[in-house]
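**Q** First the structure, then my questions, so here it is.
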Amino acid sequence: MKRKPTKTNPTASLTPEGAHRATGDLLIEVRQMIELSREHVAQQMNSALVVMYWRIGDRIRKEILSEKRAEYGKQIIENLSRQLTLEYGRGFSRSNLADMVRFSETFPDENILQTLSGKLGWSHLRLIINVDDALKRDFYTEMCKLERWSVRTLQKKIGSMLFERTALSRKPTELAQQELAALRKEDQLTPDLVFRDPYLLDFLGLKETFSEKDFEAAILRELEQFLMELGTHFSFVGRQKRITVDNDDYYMDLLFFHRKLRRLVVVELKLEHFKPEHKGQMELYLRWLNKYERCDGEEAPIGLILCAGKSRQEQIELLALTESDIRVAEYITKDIPKSVLAEKLHLAISHVREKMSRTQSVEYSGEDSEP
């Protein structure tokens, strides 16, 4: 004879321990709901504020221009600020209103504004609109959106002249704008946007004289800051990776992977100026990685040779390294004044642009002389 199944109350057998565990799981889920909702609300508020500031700036700008009151512009902003501050608080100070006007001047297209307002906060945008060059502004805007820099990080990147340290700054404006347009539309990074020269490594705390082993150990000790200087999307893979070729062992100093470029990146540390043999060593590493370590969907590995100096610029140019998968960059381990860095970068940029201009002139003359 079959016994009828008895109905059980699922809560009747719940022990205090089980109830505590269930409450804990529920608490985690509810916390996640609250945090996600708060984040969504914060994003919506930020977007609304940015749009409002742009519209206020645009309205003030049009009022001043349409009435041909440019000479009274400062006084208009001053009077408006005084009244708005009384009614709505410090967010409408004279400098804030002036930045709103500059914001509308810098980004006059309201369609672009919608994209900016969803990705960047007002504090980000106030820094960007005060960058003095349109190409640099585009660079910091797109990189900040892509890499989700905090306001403090953006300020640091601008202060360390990141744009001037990228290969992009050495390109003709038209080509540089094309790369930034690809980044904006397709989220497409290129090595010229990723790698820089020089690298500022003053945070390593190295003494006057140090060995390659000290250099490597300092990088690993300050790996987080080193990755910040390298750039977002770098992942540390290993140090002193051993490879064997024809029964000979070789060791790569540092190995990284760049998630956006989808490439392994070998970093070799040199305590000397660049030498031609460094190229051969790096080529061996890259070809070995390409043959044995490259995974499906990855691009070919790329190498970065960090040297104590780049006075051998002609050797680098003759070896055509700028056209290969090998980059050579200088590192600076001491804190140097921004004026010194600016002069150094200005000379480097001028040298490259002058060379490119000469090359283009020769090519043009050659074409023009054909019968």
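Derivation of every value follows stated rules applied to the coordinates shown; laboratory data play no part. Everything numeric here is computed off the predicted structure, so don't read it as measured data. Using ideal geometry, Cβ is built from the backbone for each residue, glycine included, and neighbour counts are taken over all protein chains shown.
**Q** What distance in nm lies between label points placed 7 Å from Cα along the C-beta direction at Asp25 and Tyr72?
**A** 7.0 nm
**Q** Turning to a different aspect of this structure: Take the alpha carbon gyration tensor of the chain, find the square roots of its eigenvalues, order them as a ≥ b ≥ c, and report rounded if a/c is under 1.5; if not, report prolate when a/b exceeds b/c, else oblate.
**A** oblate
**Q** Given an 8 Å cut-off on Cα distances and at least 6 residues of separation, report the relative contact order of the stretch 104-259 as a percent.
**A** Numbers: 117 pairs, mean separation 21.2, N = 156.
Relative contact order comes out at 14 percent.
**Q** Still on this structure, please answer the following. For Cα pairs less than 8 Å apart in space and 6+ apart in sequence, what is the mean separation divided by the residue count of the chain, i.e. the relative contact order in percent?
**A** Working: 372 pairs, mean separation 41.5, N = 371.
About 11 percent, as a whole number.
**Q** Right, next: Rounded to the nearest 0.05, what FRET efficiency is calculated for Leu271 and Glu299 with R0 set to 41 Å and r the Cβ-Cβ distance? Intermediate results must be reported in sequence, preceding the final value.
**A** Details: r = 30 Å, r/R0 = 0.73.
Taking R0 as 41 Å, the efficiency between Leu271 and Glu299 is 0.85.
**Q** While we're on this one: Rank Gly297, Ile316, Pro276 by how far each Cα sits towards the positive end of the charge dipole of the stretch 213-348 (+1 on Lys, Arg Cβ; -1 on Asp, Glu Cβ) and give me just the farthest.
**A** Gly297
**Q** Hey, another quick one. What FRET efficiency, computed as 1/(1 + (r/R0)^6) with R0 = 35 Å and r the Cβ-Cβ distance, is obtained for Asp246 and Asp214, rounded to the nearest 0.05? It would help to have the intermediate numbers written out before the result.
**A** Details: r = 31 Å, r/R0 = 0.88.
Calculated transfer efficiency: 0.70.
**Q** Now for a different question. Going down the table (Lys171/Lys279; Lys207/Lys275; Lys156/Lys207; Lys185/Lys344; Lys241/Lys275), which pairs top 28 Å between alpha carbons? Kindly include the intermediate steps, with their values, before the conclusion.
**A** Details: Lys171/Lys279 24 Å; Lys207/Lys275 24 Å; Lys156/Lys207 24 Å; Lys185/Lys344 33 Å; Lys241/Lys275 22 Å.
With Cα atoms farther than 28 Å apart: Lys185/Lys344.
**Q** R0 = 30 Å: FRET efficiency of Gln114 with Met228, Cβ-based, nearest 0.05? Please report the intermediate quantities before stating the final value.
**A** On the way: r = 30 Å, r/R0 = 1.00.
FRET efficiency, Gln114 to Met228: 0.50.
**Q** Run lengths n ≥ 4 of DSSP H only: what is the helix-derived mean residue ellipticity at 222 nm for the chain, with -39500 (n - 2.57) per run over all residues, to the nearest 500?
**A** Working: 15 runs with 215 residues, N = 371.
Mean residue ellipticity, 222 nm, calculated: -19000 deg cm²/dmol.
**Q** Under 5 Å between amide hydrogens, which residues at least 5 positions from Val237 or on another chain qualify, with H placed 1.01 Å from N in the peptide plane?
**A** For Val237, the qualifying residues are Leu255, Phe256, Phe257.
**Q** For a paramagnetic label modelled at 7 Å from the Cα of Ala42 toward its Cβ, which residues of the stretch 100-137 fall within the zone defined by backbone nitrogen distances under 15 Å?
**A** Under 15 Å, as judged by backbone N against the label point of Ala42, lie 119-124 of the stretch 100-137.
**Q** Using a basic spin-label model with each label point 7 Å from the Cα along Cα→Cβ, how many nm lie between Ser93 and Tyr292?
**A** 6.0 nm
**Q** What nm value, rounded to one decimal, do you get for the distance between Phe203 and Thr190 when each label is placed 7 Å out toward the C-beta?
**A** Distance between label points: 2.8 nm.
**Q** Moving on. Once fully extended, how much extra length lies between Gln177 and Gln313, figured as 0.36 nm per residue of separation less the alpha-carbon to alpha-carbon distance?
**A** Numbers: separation 136, 0.36 × 136 = 48.96 nm, distance 2.61 nm.
Stretched fully, the Gln177-Gln313 segment lengthens by 46.3 nm.
**Q** List the relative contact order of the stretch 25-178 as a percent without decimals, with contacts defined as Cα pairs under 8 Å and 6+ residues apart. Intermediate values should be presented prior to the final figure.
**A** Details: 93 pairs, mean separation 34.0, N = 154.
It rounds to 22 percent for the stretch 25-178.
**Q** DSSP loop (so not H, G, I, E, B), at most 16 other Cβ within 10 Å: list which chymotrypsin sites (Phe, Trp or Tyr not before Pro) in the stretch 51-157 pass both filters.
**A** On the way: sites: Tyr53, Trp54, Tyr72, Tyr88, Phe92, Phe103, Trp122, Phe139, Tyr140, Trp149; in loops: Trp149.
Answer by residue number: there is no such site.
**Q** Sticking with this structure for a sec: Going Cα to Cα from Lys291, which aspartates and glutamates come in below 13 Å? Please leave out same-chain ones fewer than 8 positions away.
**A** Glu283, Glu299
**Q** Determine the shape class of the stretch 39-122: with a ≥ b ≥ c the square roots of the Cα gyration tensor eigenvalues, call it rounded for a/c under 1.5, and otherwise prolate if a/b is greater than b/c, oblate otherwise.
**A** Working: a/c = 3.04, a/b = 1.45, b/c = 2.10.
Judged from the Cα gyration tensor, the stretch 39-122 comes out oblate (a/c at least 1.5, b/c at or above a/b).
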